[in-house]
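Following: one structure in structure tokens, then a few remarks.
The values are calculated or read from the model by the stated rules, or taken from the named source; none is laboratory data. In this text the structure is predicted, and so the values were computed from the model without any measurement. For neighbour counting, all protein chains shown are included, and Cβ atoms are generated from backbone atoms with ideal geometry for every residue, glycine included. SASA here: full protein model, heavy atoms, side chains in, ligands and nucleic acids out. Shrake-Rupley method; radii C 1.70, N 1.55, O 1.52, S 1.80 Å.
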Amino acid sequence: MATLYFVRHGVTENNRQQLFNGSRSNPGLMPEGIQQAKRLGAYLEEIDFASIYVSPTQRTIKTMQAILSENQHSQLEIIISDDLKEMDFGDWDGTAIEAQKDHDQFDHLMHQPELYDPSGFAGESYQELLDRGLGFLQSLDYQGDKNYLIVGHGVMLSSLLAFLREQDLRKIRQKGLLKNTSLSIFSSEDGEAFQQEVWNYSKHLE
């Protein structure tokens, strides 16, 4: 059985300014975000990770590095995966969330993912997001006991993990977004059926 440790990246300036922080945005972590990731790393210090997977952005890579700086084991394999990138918000990326609230697709983005159609501003749909996320999960090796650290993004991980819990596109945004630097843990024997062990753990942020 494989145990998957999913972590949303630490807080960035875009998060603080309430900007769309999608796959086209590449801000680094704020000092607060680095410290939060280090505290999570201390919480996970005894976990021996077989592989580490990370989205190719500053904010996820710096989060991963801060976590691993506290780990007691030597990591042999770090894999940067485009499949873990944040949702592509198209022309909205980097703009103020407030500025898009009157757009007819904004409510769909937040509350009705099955209706969200960002083609008018060159964005990515939820189905496209899930397809690459599920493809990533299916690429992992689930034979034997192993732990994976997976560092990604808010909309991507929140949507993907919600879909693992209940495979209904309409419901993937009902619980909102995972917190910055939060930890969610799932286990699987085959990469098809997943068991939730931990959801949005954030006591290290207090």
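The table that follows gives values for the structure above.
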quantity: The range 120-127 - phi-based ³J(HN,Hα) in whole Hz, Karplus 6.51/-1.76/1.60, Gly and Pro as x; calculated: x, 10, 6, x, 10, 7, 5, 5
quantity: Low-density loop positions, GluC sites (Glu not before Pro), the range 79-164 - DSSP coil, at most 12 other Cβ in 10 Å; calculated: none
quantity: Amide hydrogen neighbours beyond the local backbone of residue 197, cut-off 5 Å, H modeled; calculated: 185, 186, 187
quantity: DSSP-loop trypsin sites (Lys or Arg not before Pro) across the range 101-146, with at most 13 other Cβ within 10 angstrom; calculated: 101
quantity: DSSP-defined antiparallel bridges as percent of all bridges, the chain, nearest 5; calculated: 45
quantity: Dipole of the chain, positive direction: furthest Cα of 23, 205, 142, with charges on the beta-carbon; calculated: 205
quantity: Rounded percent of accessible protein surface that carbon and sulfur make up, the chain, 1.4 Å probe; calculated: 43
quantity: Directionally averaged projected area (convex hull, Cα atoms, the range 20-70), nm²; calculated: 3.8
quantity: Helix 31-43 axis, angle to the chain major axis (alpha carbon atoms, nearest 10°); calculated: 40
quantity: Cα centroid separation - the range 106-150 against the range 11-73, whole Å; calculated: 20
quantity: Probe 1.4 Å, accessible area per residue of the chain, Å²; calculated: 46
quantity: Estimated vicinal HN-Hα couplings, Hz - the range 155-168 in sequence order (Karplus 6.51, -1.76, 1.60; Gly, Pro = x); calculated: 5, 4, 5, 4, 5, 4, 6, 4, 5, 5, 6, 8, 6, 9
quantity: For the range 108-172, with +1 on Lys and Arg beta carbons and -1 on Asp and Glu, the positive-most of 153, 167, 129 along the dipole; calculated: 153
quantity: In the range 79-206, lysine pairs with alpha-carbon atoms under 19 angstrom apart (chain gap of 8 or more, or interchain); calculated: 4
quantity: Value of Rg/Rh across the range 100-147 [Cα atoms, Kirkwood radius]; calculated: 1.22
quantity: Options (i) 25, 20, 15; (ii) 38, 17, 16; (iii) 27, 20, 14 - which one matches semi-axes √(5λ) of the Cα gyration tensor in Å as calculated here; calculated: (iii)
quantity: Cα-centre dipole for the chain with unit charges at Cβ (Lys and Arg positive, Asp and Glu negative), debye to 20; calculated: 640
